[in-house]
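Have a look at the structure below before the remarks.
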Amino acid sequence: MSILYKLSMILFLFFTTGCATIMTIAAPPVYETKPGRLITGDSISFNYSVKEDNTYLVFEKQPLCVQQYEIIHFKRKRLDGIIPAIVEIPFYGFGIGDLATAETISIASKEETHREIKKTSMISICGSFESAPGEDIMIQFADSLKTIYIQSDAGGKIPLSVIRDVNSGLLPMNVFIITKAGPVYIGTFDRDVFDDKIQVELGL
Amino acid sequence: MTYIKKKLVLLLAVIPMIVCAVPSVQAEFLLHANFSSQVDEIFGRESFEKYMNENGVKTIIHVFPTDVCINRLKNGYCNLSISADNPRRDGKDVGLIAIPICKDPLVIITHSGNKVKNLSLSQICDIFSGKTTNWKEVGGNDIPITLVTPSKETDAYKNFMHQVMGPFEINNQLIADKAFNVVTCIKNIPGTVSFIANSIAVQYPDLNVVRINGAGPHDESYPLHQVFCLMIKKESEPKMKNVINYLLSDKANKKMNTLGITPLLR
């Protein structure tokens, strides 16, 4: 091969290697997102339960929270010059090094811009059961259709004597908590739930 | 043989691994509701399904006589039953929970040409038992009384028997399987009388609704009512409570009010 040809090849290699690296350094940033962690949001409602305890009905509530998730926004250099780098590969493999360098620059330029929190439609339990004081309670007697309204005391309890005073021997009774959204059904009590002592207390 | 045995052992070892590796899928909650025909005619199967789907509850509804609804509920073929029958009356409520949700008057309807506008409960009992056979005996025209009754399996029939007839049987003459057929007979045959849910009667303004002891269907003292109950099993899935709460919501109560039904839980 003539010296001129060899010289032109060397010059060609000199000017073409590093295309991808330089183009990546000069490229504009691209904005991307990736999912972050799941977060428990604020409590939006409660899961209620009621049980009998000797001569009381005891009310408890467990907070329910809406699930949220994080979106991480970041920017990085766009990986450019891939095609020129591929053209370089037959020439002693220079293109491979060029691509690797360009990719490294792109990854190193990654920078978080901000984080966003979004709500999901999932609701999950976010606490344990605790007493439910001051709750407005409605008790419906299924046979007579009579309904009584009462509030739970500081310990989340109502005495069964209140029910006895209003209606004797009229089990089953359906128990509801009154919320802003309307009555929430919690449970039903029938004779088989109460032992003999309580039945006497209730006047059954 | 040895080769076949080896392959068999390998297969028996691999199959359980594949089965265990398949992730288990949690079945989505499906509401299987059974309605009595009267509930279907009043609330409408399609609008109920649409309301529950809007609240994210996949729903399938079938319509059966009330006794069949309760048996299906007890045997696990459905997880909710709605009817106007009181299963406690016949002791059929074992293992079930009844939640009364609304009340609808049961009205006496007659042909529009009938000039009788008010009857007492004893007069109604005499008419339906066959003791009174002509409208002139209760202050009407000289026309024979023709009884149109829903079939015996319906909630309306059972409630009427319990609240009006007492020990007497209804003298069934014309039996209609649906409320629409009852209304058709009353509209077209002079001298006919029947009973029907008020929420159905209000859909036909040209029917003559009889007052009872001077009280109209919306008066406090009106004596005949049907109570619609939700029935579930005592050991129901926790998600059934959400279903019940959707049916007790303000939106559901408003729907009942537009039908002329009184919600019981407000």
Relative contact order (percent, whole number), region A:27-90, Cα cutoff 8 Å, 6+ residue spacing:
45
Helix-only mean residue ellipticity at 222 nm for the protein assembly as shown, each DSSP H run of n ≥ 4 adding -39500 (n - 2.57), per residue, nearest 500
-9000 deg cm²/dmol
Just to be sure I understand the model, the point goes 7 Å from the Cα along the line to the Cβ. What's the resulting B:Asn171 to B:Asn71 distance in nm?
3.3
Just the number, please: buried accessible area between B and A, total of both chains, 1.4 angstrom probe, nearest 100 square angstrom.
1500
Summarise the partner chain shielding of B:241-248 as one whole number: the mean count of Cβ atoms from other chains within 10 Å of each residue's Cβ.
4
Just want to confirm a number: the relative contact order over chain B, from Cα pairs under 8 angstrom separated by 6+ residues, in percent.
27
At a 1.4 Å probe radius, carbon and sulfur cover how many percent of the accessible area of the protein assembly as shown?
58
Report, as an integer, the average count of C-beta atoms from other chains found within 10 Å of each Cβ along A:176-187.
5
Hey, what's the protein assembly as shown come to in accessible area per residue, 1.4 Å probe, Å²?
54
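The values are calculated or read from the model by the stated rules, or taken from the named source; none is laboratory data. Keep in mind that what you see is a predicted model, and the values were worked out from it rather than measured. Don't worry about glycine lacking a Cβ; one is built from the backbone with ideal geometry, like all the others, and counts go over all protein chains shown. The area values use the complete protein model at the heavy-atom level, side chains included, leaving out ligands, DNA and RNA. Shrake-Rupley method; radii C 1.70, N 1.55, O 1.52, S 1.80 Å.
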